[in-house]
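The values are calculated or read from the model by the stated rules, or taken from the named source; none is laboratory data. Because the structure is predicted, anything quoted here is derived from the model rather than measured. Here the Cβ is made from the backbone with ideal geometry for all residues, glycine too, and neighbour counts use every protein chain on show. Surface accessibility is based on the protein's heavy atoms, side chains included, excluding ligands, DNA and RNA. Shrake-Rupley method; radii C 1.70, N 1.55, O 1.52, S 1.80 Å.
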Amino acid sequence: MKRLRVGIIGCGNIYPMHAISIKTNPNLELVSLCDIKQDRVLQAVTKYGGTPYTDYIEMFKHEKLDAVHICTPHYLHAPMTISAASYGIHVLTEKPMSIQVNDAKSMIEACERHQVRLGVIFQNRYNKGARFLKDRLESGKLGKIYAAKCSVTWDRSDAYYMKSDWKGTWDKEGGGAVIDQAIHTLDLMRWFVNEQIDYIDASIANRVHEKIDVEDTAEGMIKFKNGVIGSFHVINYYTTDSPITIELHCEHGFVKYTDGLTEITYHDTSKEVVGADPREKLDYGDVKQYWGVSHVKQINQFYEALQKQLPIEIDGKEALITQQIVNAIYESGKKHQKIFF
Ligand SMILES: NC(=O)c1ccc[n+]([C@@H]2O[C@H](COP(=O)([O-])OP(=O)(O)OC[C@H]3O[C@@H](n4cnc5c(N)ncnc54)[C@H](O)[C@@H]3O)[C@@H](O)[C@H]2O)c1
């Protein structure tokens, strides 16, 4: 099989997860990396190989890429995707898909028009415990879901925001705790409930941070069309990153999902517990370990889908729903009213 030519845009915190995933897939060749900060891209190519660029359009023009990974600030995901599509390049972008729902729709439209494919990273869906729970829900073993709730209480101080030239801003990050941190957990909760949304009713606030405009707090509920309420509590002014939790009250049992560990207690008192496999390690060098091995799994699925003409599990249309949730939380919080879907 012909190796696909792959590039990466953005060489900040997250790109090593992409670079390592590409390098460990024998069907792929990491041919080029791009960052507007020259020192970053030079350091990246020294580590992972490939040709450095500081202008992504130049990279698109010269590298005959099959696919590009977008690891840049949120507001750039849409224009970079639309541009890549116009060069006939498939796109795998980091979460969130974009800042606004309309931009996400334009991304889908551009990729369809140019007949390229679009994937969006929500790697936590590939955590072993999450897959197991999804399987138990789909098999019917847990019966109906009656209610869901989730909690994200993390630590993102003013100092964290001050280190970044885009985080903590409405125009470049598109929000705060919801669009950047809680988006993964909201995406998982929605994926577990697997039902169309009726409306969202939420409040948002900045209660603690002095240096940013965006929210550090969100609370509210997603009302699904089958009547299930998924409630959420999000803060990023805790003093540490507490494990994220999702609870599901189901017809045949009770589920607790804690940072990738699924614990099911059935009404007959039997239990099932599934978490990460400790043997499943990847050497990320000096990259944060807590992002785990799930990027590799999602990236492999994306390329398998490209090469074998299979569905991309988290494609643009799937990610659009999570984008709509995020934007509805903001709209509801700002207008103090329910947002109907
Ligand atoms: N999936 C996850 O768990 C996860 C974790 C962390 C970050 N992310 C996502 O990854 C993306 C990047 O986050 P990060 O923390 O790595 O940010 P970062 O600020 O560390 O890195 C972004 C990089 O993009 C570069 N850049 C900015 N404008 C550019 C342009 N026009 N052309 C080329 N490069 C440009 C910056 O110079 C910077 O090096 C965000 O969407 C973020 O939400 C996802």
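Given (1) open to solvent by less than 60 Å² (accessible area, probe 1.4 Å); (2) in a loop (DSSP other than H, G, I, E, B), where does Arg125 come up short, assuming only one miss?
Going through (1) open to solvent by less than 60 Å² (accessible area, probe 1.4 Å); (2) in a loop (DSSP other than H, G, I, E, B) one by one, Arg125 breaks only (2).
Restricted to region 14-43, and to residues that are in contact (Cβ under 8 Å) with a residue 40 or more places away in the chain and under 26 Å from Asp180 (Cα atoms), which residue is farthest from the ligand (Cβ to nearest atom)?
Checked region 14-43; the qualifying residue farthest from the ligand (Cβ to nearest atom) is Ile22.
Only one residue in Val214, Val178 is without any contact (Cβ under 8 Å) to a residue 60 or more places away in the chain and open to solvent by less than 40 Å² (accessible area, probe 1.4 Å), so which one is that?
After applying the criteria, what remains is Val214.
Looking only at region 81-96, filter to residues that are crowded, with 23+ Cβ neighbours inside 10 Å and assigned to a helix (DSSP H, G or I); which one of those is farthest from the ligand (Cβ to nearest atom)?
Top of the filtered list is Ala85.
If I filter region 297-309 for residues that are aliphatic (A, V, I, L, M), over 18 Å from the mean Cα position of the chain (by Cα), at pLDDT 95 or above and not in a strand (DSSP E or B), do I get at least one hit?
There is at least one residue in region 297-309 that is aliphatic (A, V, I, L, M), over 18 Å from the mean Cα position of the chain (by Cα), at pLDDT 95 or above and not in a strand (DSSP E or B).
Kindly check whether there is at least one residue in region 1-9 that is in contact (Cβ under 8 Å) with a residue 24 or more places away in the chain and assigned to a loop (DSSP other than H, G, I, E, B).
Yes: region 1-9 contains one or more residues that are in contact (Cβ under 8 Å) with a residue 24 or more places away in the chain and assigned to a loop (DSSP other than H, G, I, E, B).
Which numbered condition in (1) more than 8 Å from the ligand (Cβ to nearest atom); (2) closer than 22 Å to Arg113 by Cα; (3) open to solvent by less than 10 Å² (accessible area, probe 1.4 Å) is the only one that His77 fails?
Tallying (1) more than 8 Å from the ligand (Cβ to nearest atom); (2) closer than 22 Å to Arg113 by Cα; (3) open to solvent by less than 10 Å² (accessible area, probe 1.4 Å), His77 fails exactly one: (1).
Given the criteria aliphatic (A, V, I, L, M), assigned by TED's automatic domain parsing to the domain that holds Val31 and buried (at least 18 other Cβ atoms within 10 Å of the Cβ), does Ile57 qualify?
It is false that Ile57 is aliphatic (A, V, I, L, M), assigned by TED's automatic domain parsing to the domain that holds Val31 and buried (at least 18 other Cβ atoms within 10 Å of the Cβ).
Checking the condition within 18 Å of the chain's Cα centre (by Cα), closer than 23 Å to Val296 by Cα and either of a type outside the set (Ser, Thr, Tyr) or at pLDDT 95 or above (or both), which residue from Lys23, Lys95 passes?
The conditions single out Lys95.
Conditions first: (1) surrounded by 15 or more Cβ atoms within 10 Å (Cβ to Cβ); (2) free of Cβ contacts under 8 Å to residues at least 60 places away in the same chain; (3) not small (Gly, Ala, Ser). Asp135 passes all but one, so which condition is the exception?
(1)
Can you find even one residue in region 233-253 that is closer than 28 Å to Gly143 by Cα and among the aromatic types (Phe, Trp, Tyr)?
no
Mind telling me which of the residues Lys211, Lys225 ends up being touching a Phe, Trp or Tyr at 6+ places or on another chain (Cβ under 6 Å), of a type in the set (Lys, Arg) and assigned by TED's automatic domain parsing to the domain that holds Glu173?
Lys211
Go through region 26-54 and count every residue that is assigned to a loop (DSSP other than H, G, I, E, B), β-branched (Val, Ile, Thr) and out of contact with any Cys (no Cβ under 9 Å at 6 or more places or on another chain).
Matching residues across region 26-54 total 1.
Residue check: is Arg136 away from the ligand (no atom under 16 Å from the Cβ), at pLDDT 95 or above and within 17 Å of the chain's Cα centre (by Cα)?
no
Consider Leu65 against the criteria (1) within 12 Å of the ligand (Cβ to nearest atom); (2) touching a Lys or Arg at 6+ places or on another chain (Cβ under 7 Å); (3) aliphatic (A, V, I, L, M): it satisfies all of them except one. Which criterion is unmet?
Tallying (1) within 12 Å of the ligand (Cβ to nearest atom); (2) touching a Lys or Arg at 6+ places or on another chain (Cβ under 7 Å); (3) aliphatic (A, V, I, L, M), Leu65 fails exactly one: (1).
Return the pair list, or none, for Cβ contacts closer than 9 Å from residues in region 62-81 that are free of Cβ contacts under 8 Å to residues at least 60 places away in the same chain to residues that are within 8 Å of the ligand (Cβ to nearest atom) and among the acidic types (Asp, Glu), at least 6 apart or on different chains.
Qualifying pairs under 9 Å: His77/Glu94.
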